[in-house]
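**Student:** Structure incoming, see below.
The values are calculated or read from the model by the stated rules, or taken from the named source; none is laboratory data. Not measured: the values here are computed from a predicted model. So basically every Cβ, Gly included, is an ideal-geometry build from the backbone, and we count neighbours across all protein chains shown. For accessibility, only protein heavy atoms count, side chains too; no ligands or nucleic acids. Shrake-Rupley method; radii C 1.70, N 1.55, O 1.52, S 1.80 Å.
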Amino acid sequence: QVQLVESGGRLVQAGGSMRLSCAASGFTSSRYTMGWFRQAPGKEREFVSAISWNGASTWYADFAKGRFTISRDNAKNTVYLQMDSLKPEDTAVYYCAAAPQRLPPTTPGYLYWGQGTQVTVSS
């Protein structure tokens, strides 16, 4: 059974930091591009960041550049999203997803999705 389980979301003050984790199971996640997306209330789901199967390539949305860092540990089947200098507009449910290597990493057509973890940034 394929599972992506996000954790680490919480309430934090603006300017704070947080690290999200995504544990994969039921498939060979080391062969997949892994990505993070987010969805704020009343808004569409949007791309945040992605990392290639071997970690050699990373992609970021403009709002994430310089503040967020994606990484992965294939030995642990886990992907991380380190978020620094958080802003109230970062408040959203953050989703982890897995995509075949051939899929453009910034598009939403990922194959597997987690249930999401709530990130709330207070002003």
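**Student:** Over 11 Å, how big is the tail of the calculated P(r) for segment 75-123, in percent of all Cα pairs?
**Tutor:** Beyond 11 Å sits 76 percent of the P(r) for segment 75-123.
**Student:** Under a straight-distance cross-link criterion of Cα-Cα below 20 Å, which lysines are reachable from Lys65, leaving out those fewer than 8 residues away in the same chain?
**Tutor:** Cross-link targets: Lys87.
**Student:** Simple spin-label model, 7 Å along Cα-to-Cβ: Arg10 to Ser30 in nm?
**Tutor:** In this crude label model, Arg10 to Ser30 measures out at 3.1 nm.
**Student:** What number in nm² do you get for the chain if you take the convex hull of its Cα atoms and divide its surface by four?
**Tutor:** Mean projected area for the chain: 6.9 nm², to one decimal.
**Student:** Could you go through segment 16-29 in sequence order and give the Karplus-derived ³J(HN,Hα) for each residue, using 6.51 cos²θ - 1.76 cosθ + 1.60 with θ = phi - 60°, rounded to whole Hz, and x for Gly and Pro?
**Tutor:** x, 10, 7, 10, 8, 10, 9, 9, 9, 8, x, 7, 8, 4
**Student:** Lys65 label point, 7 Å along Cα→Cβ, cut-off 16 Å on backbone N: hits in segment 21-54?
**Tutor:** Those under the cut-off are 47-50.
**Student:** I would also like to ask the following. What residues qualify as long-range amide H neighbours of Gly116, i.e. H under 5 Å apart, gap of 5 or more or another chain, H built at 1.01 Å from N?
**Tutor:** So Gly116 has HN proximity to Glu6, Cys96.
**Student:** In whole Hz, what ³J(HN,Hα) sequence does segment 36-48 give by Karplus (6.51, -1.76, 1.60; θ = phi - 60°), x for Gly and Pro?
**Tutor:** 10, 10, 9, 9, 8, x, x, 10, 6, 5, 10, 5, 10
**Student:** Among 19-32, 103-116, how do they line up by average Cβ neighbours within 10 Å per residue, starting with the highest?
**Tutor:** Ranking, from highest mean packing down: 19-32, 103-116.
**Student:** Can you pull the accessible area of Arg72 for me, 1.4 Å probe, Å² to the nearest 10?
**Tutor:** In the full protein context, Arg72 sits at about 40 Å².
**Student:** Lys and Arg at +1, Asp and Glu at -1: add these up for the other residues within a Cβ distance under 12 Å of Trp113 and post the number.
**Tutor:** Neighbour charge sum, excluding Trp113 itself: 0.
**Student:** Still on this structure: Can you list the HN-Hα couplings for segment 101-118, worked out from phi with the Karplus curve (6.51, -1.76, 1.60; θ = phi - 60°), rounded to whole Hz and with x for Gly and Pro?
**Tutor:** Along segment 101-118, the couplings run 4, 6, 6, x, x, 8, 8, x, x, 5, 7, 10, 9, x, 8, x, 9, 7 Hz.
**Student:** Given a 1.4 Å probe, how much area per residue of the chain is accessible, in Å²?
**Tutor:** 51
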